[in-house]
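Chemist: Got a structure for you, questions after.
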Amino acid sequence: MLVPAQKILSRALKGRYAVGAFNTSNLEITQGILEAAKKLCSPVILSTSLKAIRYAGGPDVFVAMVRELLKKYRVPVSLHLDHATDLLLVKAAITAGYTSVMIDGSHLPFRKNVALTKAVVRFAKKRNVSVEGEIGVIGGSEDYIRSKKILLTTPQDARAFVRATGVHSLACAVGTAHGRARGQREYVDLHLVRAIARAVRIPLVLHGASEGISQDEIRKAIGLGVSKVNIDTDIRLAFTEALRVTLKDKSVYDPRTVLSSAREAVMETVVEKITLFGSVRKA
Ligand code: 13P
């Protein structure tokens with residue numbers, strides 16, 4: 001069943017667990033994620049970036065695929081647009097049937113970020129779609145989103161931003177970065193997570209939670225108010241590593257054989273994450 005992320009995340013915040021937002025770009029990754037969710041009876045958020053949407057051929061392709069798959073995988077799922085930077089893309093995704101969007105105005109000055117995010121909230125709320133905003137700058141790179149530096153979110157900015165925009169959930173910069181770990185230490189500033197959670201009292205979103213972030217820090221951050229944890233890189237690594245292993249055998253040339261092992265690897269990774277985030281049997 002496709003549901004607004006807010007429905008899943010408000011329960012998670014109350015229950016002090018987090019729901020995984022897993023990035024997908026094709027059928028097999030989507031199946032791997034849904035298979036894990038079904039196995040553990042967990043809600044999940046299927047996240048797609050602009051690049052993934054372009055790769056698939058448009059937001060309607062994901063909507064149709066996920067709706068069909070959900071006839072088989074009967075768990076609460078939110079279809080989410082990750083890191084949109086303009087209203088046009090948000091409107092296209094929502095019109096196609098997405099149930100959650102992130103508007104990322106973090107590269108803009110505060111006032112412009114508020115104005116853009118407010119416009120998205122106005123459009124989305126009328127259509128019962130959840131909105132995630134971002135304040136502060138999460139470092140690293142993911143598809144078209146890139147930043148060398150991390151600019152930690154302050155609790156004051158977080159409170160002012162949430163009040164001014166009415167977002168349902170908030171992505172904040174607390175020490176993690178998107179993409180592969182590149183030598184610089186990544187961490188979760190737990191004092192900051194606690195202070196932001198007290199300042200805003202809405203579900204917090206932890207971006208850049210793959211590779212290099214300790215499981216203990218993730219668990220503690222969830223206990224403090226992180227209700228959505230984003231995973232992209234670990235899924236890409238699992239998928240491509242499985243492909244490399246299978247393709248070593250030159251006699252294999254059936255795409256279904258090759259992709260089945262990658263799909264299985266995604267499923268195993270997502271099972272680990274769901275278990276870590278504590279959303280087992282929360283569907
Ligand atoms: P990772 O690249 O660390 O998996 O982060 C993904 C993310 O935050 C998607 O928005």
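Chemist: Which residue fluctuates the most in the chain, going by a Gaussian network model with Cα springs under 10 Å, if the choices are Ser260, Ser251, Ser49?
Modeler: Looking only at Ser260, Ser251, Ser49, the largest GNM fluctuation is found for Ser251.
Chemist: Moving on to the next point. Determine, for segment 31-147, the count of lysine pairs separated by eight or more sequence positions (or lying on different chains) whose alpha-carbon distance falls under 13 Å.
Modeler: Working: Lys38/Lys71; Lys38/Lys72; Lys39/Lys72; Lys91/Lys125; Lys91/Lys126; Lys118/Lys126.
Final tally of qualifying lysine pairs is 6.
Chemist: Only bridges whose two residues both fall in the chain count here: according to DSSP, what percent of them are antiparallel, nearest 5? Numbers along the way, then the final one.
Modeler: On the way: 4 of 34 bridges.
Looking only at bridges with both residues in the chain, the antiparallel portion is about 10 percent.
Chemist: With Cβ to Cβ distances under 14 Å as the rule, what net charge do the other residues near Val90 carry (K, R +1; D, E -1)?
Modeler: On the way: positive: Lys91, Lys118, Arg122, Lys125, Lys126, Arg127; negative: Asp82, Asp86, Asp104, Glu132, Glu134.
Local charge sum for Val90: +1.
Chemist: Take the solvent-accessible surface of the protein heavy atoms, probe 1.4 Å, and return the percent of it on the chain that carbon and sulfur atoms account for.
Modeler: Working: 6900 of 12870 Å².
Here carbon and sulfur together make up 54 percent of the probe-accessible area.
Chemist: Report Phe62's accessible area, 1.4 Å probe, all protein chains in place, as a number in Å² to the nearest 10.
Modeler: It works out to around 0 Å².
Chemist: Can I ask one more? In Å, the Kirkwood hydrodynamic radius of the chain over pairs of distinct alpha carbons?
Modeler: Values: mean 1/r = 0.0537 Å⁻¹.
Computed over the chain, the radius equals 18.6 Å.
Chemist: A further question on this structure: Please state the charge dipole magnitude for the chain, taken about the Cα centre, from unit charges on C-beta atoms (+1 on K and R, -1 on D and E), reported in debye and rounded to the nearest 20. Could the numbers behind the result be given before it?
Modeler: Values: 43 positive and 25 negative charges, 211 e Å.
Here the chain has a charge dipole of around 1020 debye.
Chemist: Also, I was wondering about something else. Output the relative contact order of segment 134-191, whole-number percent, from Cα pairs under 8 angstrom with separation of 6+ residues. Please report the intermediate quantities before stating the final value.
Modeler: On the way: 87 pairs, mean separation 22.2, N = 58.
Reported relative contact order: 38 percent.
Chemist: Could you please put His168, His80, His191 in sequence from largest to smallest accessible area, using a 1.4 Å probe?
Modeler: Details: His168 40, His80 0, His191 145 Å².
Of His168, His80, His191, the descending order of accessible area is His191, His168, His80.
The values are calculated or read from the model by the stated rules, or taken from the named source; none is laboratory data. What you are looking at is a predicted structure, and each value in this text was computed from that prediction instead of being measured. For neighbour counting, all protein chains shown are included, and Cβ atoms are generated from backbone atoms with ideal geometry for every residue, glycine included. These accessible areas exclude ligands, DNA and RNA; they are computed on the full protein's heavy atoms, side chains included. Shrake-Rupley method; radii C 1.70, N 1.55, O 1.52, S 1.80 Å.
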